Amino acid sequence: MNVLENVARWIDAINEWIGKAVVAWVTLGLVLVVFVDVVMRYLFNTSYVFTQELEWHLFGFIFLIGAGYTLLHDGHVRVDIIYQRYGPKGRAWTNLIGVIFFLLPGCFMVVITSWKFMYNSWSILEGSADPGGIPYRFLLKGAITLGFGLLILQGISLGIRSLLQLLGREPGEEEKS
């Protein structure tokens with residue numbers, strides 16, 4: 001059981017670091033880019049394709065790479081009509097079943113289907129088709145596979161923690177002894 005706890009802790013640490021050290025700073029960058037775009041449009045009556053593409057590239061990156069961090073902090077949207085009424089064991093069962101039958105298969109499907117899409121984009125260093133657009137579109141397409149990979153890892157951590165809870169082992173019990 002200690003091995004499973006260590007795996008879950010390791011996965012959590014990866015997504016925690018990515019959320020705080022990468023996604024948080026990219027989010028700040030997105031806010032600045034949007035601010036500059038708004039100032040350019042309203043004060044100077046001009047806009048650039050590069051700036052507009054950068055906005056949606058950064059947003060896509062934040063959404064994809066931050067999905068594992070969001071799951072780690074239980075921030076994904078779900079219908080809590082039934083879930084909120086469950087006790088800890090019921091929630092653990094719901095999480096474990098959800099991870100095994102929905103989250104992992106869905107994420108693996110996206111990773112498998114996006115792999116060739118990403119590979120082709122990287123092999124030609126795909127850029128924007130628009131004049132003045134971003135020449136690094138392949139980076140965003142790589143974030144699809146990477147982001148869902150991080151979500152798979154965090155799903156595994158959630159599954160481990162749910163299993164341990166169902167077995168009567170709260171994470172970190174050995175450290176208390």
**Report entry** Which of 145, 94 has the fewest Cβ neighbours within 10 Å, and the rest in rising order
**Finding:** 94, 145
Report task. Treating the angle as unsigned and between 0 and 90°, give the value, to the nearest 10°, between the Cα long axis of helix 2-17 and the longest Cα principal axis of the chain. Result -> 20
Query raised in the report: Taking a quarter of the surface of the convex hull around the Cα atoms of the range 1-97, what do you get in nm²?
Result: 8.9
Query - Residue exposure sequence - 83, 42 - by fewest surrounding Cβ within 10 Å - result: 42, 83
Query - Gaussian network model of the chain, Cα within-10 Å springs - most flexible of 118, 40, 109 - result: 40
Query raised in the report: What are the ³J(HN,Hα) values, in whole Hz, obtained from phi via the Karplus relation 6.51 cos²θ - 1.76 cosθ + 1.60 with θ = phi - 60°, for each residue of the range 36-53 in sequence order, with x given for Gly and Pro?
Result: 4, 4, 5, 4, 4, 5, 8, 8, 10, 6, 9, 8, 10, 4, 4, 5, 5, 5
Query raised in the report: For 161, 41, 85, what ranking results if the residue with the fewest other Cβ atoms within 10 Å of its Cβ goes first?
Result: 85, 41, 161
Query raised in the report: So how long is each side of the chain along the principal axes, counting just the alpha-carbon atoms, biggest first, in Å?
Result: 63, 37, 33
**Report entry** Backbone HN-Hα couplings from phi across the range 122-131 [Karplus 6.51/-1.76/1.60, Hz, Gly and Pro as x]
**Finding:** 5, 5, 9, 6, 4, x, 5, 7, 7, x
Query - In order through the range 71-78: 3J(HN,Hα) via Karplus (6.51 cos²θ - 1.76 cosθ + 1.60), integer Hz, x for Gly, Pro - result: 5, 4, 9, 6, x, 6, 6, 8
Requested in this report: Give the Debye-formula value of log10 I(q)/I(0) at each listed q (0.15, 0.17 Å⁻¹), with one equal scatterer per alpha carbon of the range 106-157, two decimals each.
Outcome: -0.45, -0.54
Query raised in the report: Using alpha-carbon pairs under 8 Å, 6+ residues apart, how would you state the relative contact order of the chain in percent?
Result: 34
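Readers should treat all values here as calculations from the given coordinates under stated rules, not as data from a laboratory. Treat the numbers as computed from the prediction; the structure is a model and nothing was measured. Every residue, glycine as well, gets a Cβ built from its backbone with ideal geometry; the counts of neighbours run over all protein chains shown.
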